[in-house]
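One structure is given below, encoded as structure tokens.
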Amino acid sequence: MTTTEHIKALRSEPWREQLRQKMTNKERVAIPRVRMPELSPDFRSHSYEEVNLGLTAEQSMREAQRCLDCPNPTCMGGCPVEINIPTFIKNIERGDFTEAAKTLKETSALPAVCGRVCPQEKQCESQCIHLKMGKEAVAIGYLERFAADYERESGNISIPQTAAANGIKIAVVGSGPAGLSFAGDMAKLGYEVTVYEALHEIGGVLKYGIPEFRLPNRIVDVEIAILQKMGVQFVTNCIVGKTISYDDLHASGFKGIFIASGAGLPNFMNIPGENLIGVLSSNEYLTRVNLMAAASPNSDTPVLKGKKVAIIGGGNTAMDSVRTARRLGADKAIIVYRRSEEEMPARIEEIKHAKEEGIIFMTLHNPIKYIGDENGRVVQMLLQKMELGEPDASGRRRPVEISGATELIDIDMAIVSIGVSPNPLIPKTFHGLNVSKWGTIIVDPDSLKSDLPDIYAGGDIVRGGATVILAMGDGRKAAQAMHRQLKVSGLPLIPNS
Amino acid sequence: MNKIITKEFLSENVVKLEVEAPLIARSRKAGHFVIVRVGENGERIPLTIAAADPDRGTIMLIIQQVGKSTRKICALNEQEYITDLVGPLGQATHIEHFGTVVCACGGVGTAPMLPIAEAMKQAGNKVITVQAARTKELVILEKEIRAFSDEVLITTNDGSYGMKGLVTDGIEKILQREKVDFCVTIGPAIMMKFVSLLTKSHQVPTVASLNTIMVDGTGMCGACRVTVGGKTRFVCVDGPEFDAHQVDFDEMLIRLNAYKELE
């Protein structure tokens with residue numbers, strides 16, 4: 001059965017037919033979109049607790065009624081891991097939350113994570129039929145989170161079924177969203193999967209990058225535990241390319257390797273004063289706070305706690321950093337962004353939350369210099385005022401300097417959050433990989449296969465810098481392609497193996 | 001989890017650990033380092049690899065107790081475990097036949113110098129080690145470094161052992177005596193700064209192995225950044241060794257104090 005036929009078959013099940021009859025589409029469309037319950041801005045700007053509280057069962061069932069259960073569900077086309085969206089939503093509507101969670105886990109290794117951090121407004125929800133009728137999209141992301149949370153909190157977590165073990169060993173480099181998604185899919189297909197992680201914790205950016213108030217680590221840990229129960233092995237503190245080599249992996253009998261080593265190196269602007277104490281990358285700041293728990297008095301890892309903190313950048317990482325700074329006691333936590341708010345790449349929800357928490361937005365400003373005191377600590381930054389010019393290659397209006405218009409502001413910390421470059425470790429040590437001028441691994445866009453016969457790659461090491469869900473989509477795509485090559489065609493990946 | 005096989009105090013505050021790490025013992029080269037973490041609340045700190053025994057599957061770490069994290073590591077006993085240990089990290093030392101090489105080390109810098117002196121010797125160089133310590137009790141690994149050196153000149157600040165003076169006094173003495181083709185220096189940043197100034201004035205190419213603040217050690221955080229030849233470089237992935245004459249040691253000395261008041 002093809003995927004389309006499968007979707008149609010599920011939609012034709014009697015209970016689904018009956019459920020559709022219960023209300024008219026007109027009634028369904030008339031229901032207003034649910035609002036996510038949140039901690040109050042005053043409380044949360046000083047607390048590390050999760051901001052979004054999640055929907056109740058009643059709210060979720062009501063929201064699920066809004067879904068029209070379209071015969072041709074366009075929302076699914078907007079989901080990089082092709083979650084069967086109407087099936088899981090209709091299960092929520094009928095009150096079978098466990099079955100809804102099961103549907104999610106058929107194609108997504110991390111539903112509780114995606115329900116929290118996916119930019120649904122740009123993915124599934126952007127394709128919702130409601131938008132065509134001038135209404136707000138069904139809150140697919142909130143419902144996904146609800147089903148995953150319900151299952152986890154019920155204590156009765158289902159482990160996805162795995163095919164009989166085929167004895168074929170597969171290695172994954174990196175345990176972030178791309179690696180975890182790939183590992184889950186390959187384990188389901190019966191492969192013996194080992195994931196190698198350089199850090200001491202599993203989860204990659206989900207652990208070191210995204211803060212607790214948006215994605216608690218315990219949620220990530222539960223999803224990792226499910227993968228472990230499916231037979232996925234994790235090896236921490238192991239750097240492929242350093243601790244073990246490409247040849248070592250072959251010698252250990254691995255027949256396919258998926259590289260998901262992520263975006264490694266933080267970019268800096270190379271402006272005067274950037275190496276002063278108190279100027280750091282968002283990667284360093286967030287790693288200290290999230291991975292090393294530096295804000296906790298029990299932690300040996302220190303973190304600077306500025307009172308006047310400027311974050312340079314307008315992406316989700318910048319929002320995570322500025323909101324973290326606020327929580328660590330900054331009276332003034334400022335976003336400094338060279339374009340206007342309209343061009344900000346951050347999710348609308350993150351910008352909204354940041355504003356509610358008292359974050360100051362200095363858009364159309366760009367730092368040109370940091371000034372330090374006699375101890376080498378940053379005390380001021382010089383900002384160039386900008387205006388928007390003609391659209392550039394990204395389609396966004398280019399920021400142009402307003403000649404002579406500068407502003408000096410007092411700061412005691414600056415966090416540079418202007419993007420990352422791919423980690424050069426793998427491209428440097430796996431000879432024969434085709435690497436772009438940006439340092440990303442070049443792969444076939446359909447199969448994600450590299451120039452080396454047994455190597456596939458996905459996530460930020462290929463994309464440069466993207467979202468959790470796009471990385472997960474890559475993991476899924478690579479798993480399907482590698483499986484086809486290994487099993488269906490029967491061809492070994494390495495000609496002489 | 002990596003088991004400590006043997007432990008020995010080299011001086012009151014310096015501990016030598018032989019740690020089980022078979023993969024690293026096999027893959028490490030001179031100049032590489034590891035990141036270690038002790039306990040669930042532990043900090044990740046870089047330590048250089050002093051030696052490795054691929055047959056025993058162990059590496060040797062020499063640690064000086066200076067702060068909370070190094071004290072925690074030094075408090076571990078034989079048969080106990082280091083919670084996390086990852087490596088080998090950084091670029092290996094560039095080894096070639098230069099001619100006469102001076103290995104200038106101070107304090108625990110002698111430990112990472114061991115494999116470098118060994119590799120330099122193996123490459124056919126004449127190796128002259130200048131080892132500096134404040135006083136006689138702090139001279140460590142003398143026997144080991146002698147095994148890889150054609151000559152060892154020890155200097156102590158108080159003159160209690162070897163020549164009285166600083167590492168630079170020792171290097172100066174060698175430079176007056178014979179032609180030196182290359183210099184490697186490892187030790188406190190302030191020491192490396194003055195070694196660098198000296199060898200620059202004598203036009204002796206010099207590399208310094210830098211030990212900066214790090215978190216992940218794989219290029220992810222940028223805490224370790226230094227200015228080399230006017231450009232920002234990451235010690236963890238571009239280093240730890242750089243052309244000493246290009247390193248901005250004054251900036252590095254300031255950056256080492258970034259978290260001092262929080263300790």
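The table that follows gives values for the structure above.
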| read-out | value |
| --- | --- |
| So B:Lys231, is it open to solvent by 10 Å² or more (accessible area, probe 1.4 Å), of a type outside the set (Phe, Trp, Tyr), within 14 Å of chain A (Cβ to nearest Cβ) and over 20 Å from the mean Cα position of the chain (by Cα) | yes |
| Options B:Phe182, B:Phe234; residue that is assigned by TED's automatic domain parsing to the domain that holds B:Ala132 and touching a residue at least 40 places away in the same chain (Cβ under 8 Å) | B:Phe182 |
| Search result, residues across segment B:123-140 that are outside any loop (DSSP other than H, G, I, E, B) and of a type in the set (D, E, K, R) | B:Lys126, B:Lys136, B:Glu137 |
| Condition met for A:Lys122 (open to solvent by 40 Å² or more (accessible area, probe 1.4 Å) and under 25 Å from A:Pro211 (Cβ atoms)) | yes |
| Positions within segment A:221-280 being assigned to a loop (DSSP other than H, G, I, E, B), open to solvent by 30 Å² or more (accessible area, probe 1.4 Å) and either acidic (Asp, Glu) or without any contact (Cβ under 8 Å) to a residue 24 or more places away in the chain (or both), in sequence order | A:Asn270 |
| Residue match in segment B:206-226 (condition: hydroxyl-bearing (Ser, Thr, Tyr) and in a helix (DSSP H, G or I)) | no |
| Residue among B:Glu78, B:Glu96, B:Glu40 that is under 28 Å from B:Glu261 (Cβ atoms), surrounded by fewer than 18 Cβ atoms within 10 Å (Cβ to Cβ) and either within 13 Å of chain A (Cβ to nearest Cβ) or touching a residue at least 12 places away in the same chain (Cβ under 8 Å) (or both) | B:Glu40 |
| Selection from segment A:445-475 of residues that are closer than 28 Å to A:Lys105 by Cβ and open to solvent by 30 Å² or more (accessible area, probe 1.4 Å) | A:Pro445, A:Asp446, A:Lys449, A:Asp460, A:Val462, A:Arg463, A:Gly465, A:Ala466, A:Thr467, A:Leu470 |
| Scan of segment A:444-462 for residues that are in contact (Cβ under 8 Å) with a residue 60 or more places away in the chain and of a type outside the set (A, V, I, L, M), ordered by number | A:Ser450, A:Asp454, A:Tyr456, A:Gly458, A:Gly459, A:Asp460 |
| Members of segment B:146-173 that are of a type in the set (A, V, I, L, M) and buried (at least 23 other Cβ atoms within 10 Å of the Cβ) | B:Val167, B:Ile171 |
| Matching strands (runs of 3 or more DSSP E) fully within segment B:21-122 where at least 3 residues are over 28 Å from B:Ser149 (Cα atoms) and of a type outside the set (Lys, Arg) | B:84-89 |
| When residues of segment A:281-291 are limited to those that are over 20 Å from A:Ile411 (Cα atoms) and out of contact with any Pro (no Cβ under 8 Å at 6 or more places or on another chain), the one least open to solvent (accessible area, probe 1.4 Å) | A:Thr287 |
| Positions within segment A:340-359 being in a loop (DSSP other than H, G, I, E, B) and open to solvent by 10 Å² or more (accessible area, probe 1.4 Å), in sequence order | A:Ser340, A:Met344, A:Pro345, A:Arg347, A:Gly358, A:Ile359 |
| Test for A:Gly190: is it of a type outside the set (Ser, Thr, Tyr), assigned by TED's automatic domain parsing to the domain that holds A:Gly231 and part of a loop (DSSP other than H, G, I, E, B) | yes |
| Index of the failed condition, A:Ser296 passing every other in (1) surrounded by 18 or more Cβ atoms within 10 Å (Cβ to Cβ); (2) part of a loop (DSSP other than H, G, I, E, B) | (1) |
| From B:Arg255, B:Arg225, residue being among the basic types (Lys, Arg) and open to solvent by less than 30 Å² (accessible area, probe 1.4 Å) | B:Arg225 |
| Single residue of B:Leu197, B:Leu256 found to be more than 8 Å from chain A (Cβ to nearest Cβ), closer than 22 Å to A:Arg288 by Cα and not aromatic (Phe, Trp, Tyr) | B:Leu256 |
| Which numbered condition A:Glu144 fails, given (1) closer than 30 Å to A:Ser47 by Cα; (2) open to solvent by 10 Å² or more (accessible area, probe 1.4 Å); (3) within 14 Å of chain B (Cβ to nearest Cβ) | (3) |
| Residue among B:Lys126, B:Lys143, B:Lys121 that alone is without any contact (Cβ under 8 Å) to a residue 12 or more places away in the chain, more than 28 Å from B:Phe234 (Cα to Cα) and open to solvent by 10 Å² or more (accessible area, probe 1.4 Å) | B:Lys143 |
| Members of segment A:50-63 that are of a type in the set (A, V, I, L, M) and crowded, with 18+ Cβ neighbours inside 10 Å | A:Val51, A:Leu55 |
| Meets criteria (facing chain B (nearest Cβ under 9 Å) and assigned to a loop (DSSP other than H, G, I, E, B)) for A:Asn283 | no |
| All positions within segment A:29-46 that are among the charged types (D, E, K, R), open to solvent by 30 Å² or more (accessible area, probe 1.4 Å) and not in a loop (DSSP other than H, G, I, E, B) | A:Glu38, A:Asp42 |
| Residue in segment B:234-251 that is farthest from A:Phe268 (Cα to Cα), counting only those that are within 18 Å of the chain's Cα centre (by Cα) and facing another protein chain (nearest Cβ under 9 Å) | B:Val237 |
| Members of segment A:370-392 found to be open to solvent by less than 40 Å² (accessible area, probe 1.4 Å), under 34 Å from the mean Cα position of the chain (by Cα) and within 14 Å of chain B (Cβ to nearest Cβ), listed by number | A:Tyr370, A:Val378 |
| Residues being open to solvent by 20 Å² or more (accessible area, probe 1.4 Å) and either within 10 Å of chain B (Cβ to nearest Cβ) or touching a residue at least 60 places away in the same chain (Cβ under 8 Å) (or both) - total across segment A:201-218 | 6 |
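Listed here are the residues, each with its yes/no results for (1) closer than 26 Å to A:Pro297 by Cβ; (2) more than 16 Å from the chain's Cα centre (by Cα).
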position: B:Lys68; (1), (2): yes, yes
position: B:Tyr81; (1), (2): yes, yes
position: B:Gly87; (1), (2): no, no
position: B:His94; (1), (2): no, no
position: B:Phe98; (1), (2): no, yes
position: B:Val108; (1), (2): no, no
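To keep it simple, each residue is scored yes or no on (1) in contact with a Gly (Cβ under 8 Å, 6 or more places away or on another chain); (2) among the charged types (D, E, K, R); (3) loosely packed, with under 15 Cβ neighbours inside 10 Å.
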{"position": "A:Trp15", "(1), (2), (3)": "no, no, yes"}
{"position": "A:Thr24", "(1), (2), (3)": "no, no, yes"}
{"position": "A:Glu27", "(1), (2), (3)": "no, yes, yes"}
{"position": "A:Tyr48", "(1), (2), (3)": "no, no, no"}
{"position": "A:Gln65", "(1), (2), (3)": "no, no, no"}
{"position": "A:Gly95", "(1), (2), (3)": "no, no, yes"}
{"position": "A:Lys102", "(1), (2), (3)": "no, yes, no"}
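The values are calculated or read from the model by the stated rules, or taken from the named source; none is laboratory data. Not measured: the values here are computed from a predicted model. Every residue, glycine among them, receives a Cβ derived from its backbone with ideal geometry; neighbour counts consider all protein chains shown. We work out accessible area using only protein heavy atoms, side chains counted, and drop any ligands, DNA or RNA first. Shrake-Rupley method; radii C 1.70, N 1.55, O 1.52, S 1.80 Å.
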